[in-house]
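Asks: Below you will find the structure I want to go over with you.
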Amino acid sequence: MSQQQEMVRRQVRLGLIVTIGAFVAWMVLQFLGGQLGLPARFVFLLDLACIAALVFALLVLFKAWRASQNDGV
């Protein structure tokens, strides 16, 4: 396996881990927010953090997709 292919695989793995982690964290934080009675503005801040993680994952996966298209991986 070439070094470029390995880099693409690592980027895809990172994107998938961040995506899964963001969704799990979002579900857990929503549950805990309701159970603990957190203010809506704090829960909204946690939502924004999860959205930021998903945007990061999307950018990483897009970069990996572009690299695989350019090199014929």
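Asks: Per Stokes-Einstein, at 25 °C and 0.890 mPa s, what whole-number D in µm² s⁻¹ belongs to the chain, with the Kirkwood radius over Cα pairs as the hydrodynamic radius? Before the final figure, lay out each step's value.
Replies: On the way: Rh = 13.7 Å.
For the chosen part, D equals 180 µm²/s.
Asks: Please give the per residue accessible area of the chain, computed with a probe of 1.4 Å over protein heavy atoms only, in Å².
Replies: Values: 5470 Å² over 73 residues.
Per-residue value: 75 Å².
Asks: Explain nothing, just the number: relative contact order of the chain, from Cα pairs under 8 Å at least 6 residues apart, as a whole percent. The partial results should precede the final answer.
Replies: Values: 41 pairs, mean separation 38.5, N = 73.
The value is 53 percent.
Asks: Based on Cβ point charges of +1 for Lys and Arg and -1 for Asp and Glu, what charge dipole magnitude is obtained for the chain about its Cα centre, in debye rounded to the nearest 20?
Replies: Numbers: 6 positive and 3 negative charges, 16 e Å.
Dipole size: approximately 80 debye.
Asks: If you roll a 1.4 angstrom probe over the protein chains with everything in place, what fraction of the accessible area of the chain belongs to carbon and sulfur, to the nearest %? Numbers along the way, then the final one.
Replies: On the way: 3860 of 5470 Å².
Using a 1.4 Å probe with all protein chains present, the chain comes out at 71 percent carbon and sulfur.
Asks: Next question. Ranked highest first by the average count of other Cβ atoms within 10 Å around their residues, in what order do 46-58, 25-37 fall? Show your work: numbers first, answer last.
Replies: Details: 46-58: 14.5, 25-37: 12.1.
So the peptides 46-58, 25-37, ranked by packing, come out 46-58, 25-37.
The values are calculated or read from the model by the stated rules, or taken from the named source; none is laboratory data. As the structure is a computational prediction, the values presented were derived from the model and not from experiment. Neighbour counts are summed over all protein chains in view; Cβ atoms, including those assigned to glycine, are modelled from backbone coordinates with ideal geometry. Note: areas computed on protein heavy atoms with side chains; ligands, DNA, RNA excluded. Shrake-Rupley method; radii C 1.70, N 1.55, O 1.52, S 1.80 Å.
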